[in-house]
1. Condition first: of a type in the set (Val, Ile, Thr) and either within 11 Å of Gly33 (Cβ to Cβ) or surrounded by fewer than 13 Cβ atoms within 10 Å (Cβ to Cβ) (or both). Now tell me which residues in the range 76-102 satisfy that.
2. Conditions: (1) of a type in the set (A, V, I, L, M); (2) in a loop (DSSP other than H, G, I, E, B); (3) free of Cβ contacts under 8 Å to residues at least 12 places away in the same chain. Ile110 meets all but one. Number of the miss?
3. Every residue in the range 168-195 that is within 16 Å of the ligand (Cβ to nearest atom), assigned to a loop (DSSP other than H, G, I, E, B) and under 26 Å from Ala118 (Cβ atoms), please.
4. Among the residues of the range 195-222, write down those that are under 19 Å from Cys129 (Cβ atoms) and either among the polar types (S, T, N, Q) or within 18 Å of the chain's Cα centre (by Cα) (or both).
5. Please go through the range 14-54 and pick out each residue that is modelled with pLDDT under 90, surrounded by 17 or more Cβ atoms within 10 Å (Cβ to Cβ) and in a helix (DSSP H, G or I).
6. Restricting attention to the range 118-165, and to residues there that are in contact (Cβ under 8 Å) with a residue 60 or more places away in the chain and within 13 Å of the ligand (Cβ to nearest atom), which single residue is farthest from Gln225 (Cα to Cα)?
Amino acid sequence: MNKIYVVGMGPGNERYMTEEAKDALNYADVIIGYTLYINLLGDRYQDKELLSTPMKQEKERCLLCFEKASMGKTVALVCSGDAGIYGLASLILELGKDYPDTEVEVVAGITAATSGAAVLGAPLNHDFCVISLSDLLTPWEKIEKRLRSAAMGDFAIALYNPSSHKRADYLEKACNILLEYIDGDRACGYVENIGREGTRAVTCSLSELKDTKVNMFTTVFIGNQGSRIINGRLVTKRGYQVE
Ligand code: SAH
């Protein structure tokens with residue numbers, strides 16, 4: 001049976017990878033991924049065949065995996081964070097129906113919501129939603145509906161893809177929708193470059209967040225009604241009685 005591992009490498013370099021993910025990369029003859037992730041892997045896997053494809057060529061990247069696997073090579077496809085959270089795990093499983101001789105194994109990774117939450121404190125320590133603001137594959141109307149539903153349900157929220165060159169004002173648009181349901185003083189925060197050089201964490205209010213420009217390597221957190229900024233950390237209360 002041919003084999004492809006779909007590996008979540010966590011937010012940054014190898015330190016953030018699970019042992020299972022490292023094992024999968026060690027078993028692999030070929031490691032395939034977006035250029036940035038291949039570079040983050042560093043020197044350790046230099047004896048492997050390392051192949052990178054540019055962004056927005058996700059289908060080509062997955063087909064390359066099947067092509068290499070059908071040559072009898074063990075393949076690892078690397079994704080940042082978790083491969084099953086805005087990653088390539090589903091695409092490769094969908095394409096896999098045409099490759100019955102190839103087994104696909106998904107290896108979990110630490111997603112930006114949890115690695116970023118740890119940097120800020122504990123913003124997701126109750127029911128939470130993860131919402132991507134990218135409308136490349138999802139219509140904006142649906143994103144808007146999900147933002148409204150999350151706000152109505154008093155979920156803590158982690159926002160992925162809060163910005164890009166073409167979508168510089170999407171975070172502001174999202175905050176304006178949330179502000180229809182949530183007070184401007186709601187505790188929020190964001191983390192840039194989690195697990196990478198230049199990690200930067202900021203806590204702020206929802207009104208301040210609305211006027212903030214973030215880049216695409218940022219994960220944004222919106223607290224629920226019980227969230228507070230305590231000693232500079234963003235904390236969503238679990239509900240324990242402390243006083
Ligand atoms: N599969 C990835 C998410 C890919 S979508 C995961 O599970 O983490 C890309 C978005 O994820 C980015 O726009 C950003 O919002 C978030 N993200 C991924 N890595 C990040 C990092 N190191 N620092 C901050 N945000 C990150």
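The values are calculated or read from the model by the stated rules, or taken from the named source; none is laboratory data. Every value quoted in this text rests on a predicted model; they were computed, and no experiment measured them. Glycine also receives a Cβ, built like all others from the backbone with ideal geometry; neighbour counts cover every protein chain displayed.
1. Result: Val78, single match.
2. For Ile110, the exception is condition (3).
3. Answer for the range 168-195, where residues must be within 16 Å of the ligand (Cβ to nearest atom), assigned to a loop (DSSP other than H, G, I, E, B) and under 26 Å from Ala118 (Cβ atoms): Asn193, Ile194, Gly195.
4. Kept after step one, since they are under 19 Å from Cys129 (Cβ atoms), are these residues of the range 195-222: 206, 209-210, 214, 218-222.
Selection gives Val214, Thr218, Thr219, Val220, Phe221, Ile222.
5. Matches in the range 14-54: Tyr37, Ile38, Leu40.
6. Asn161
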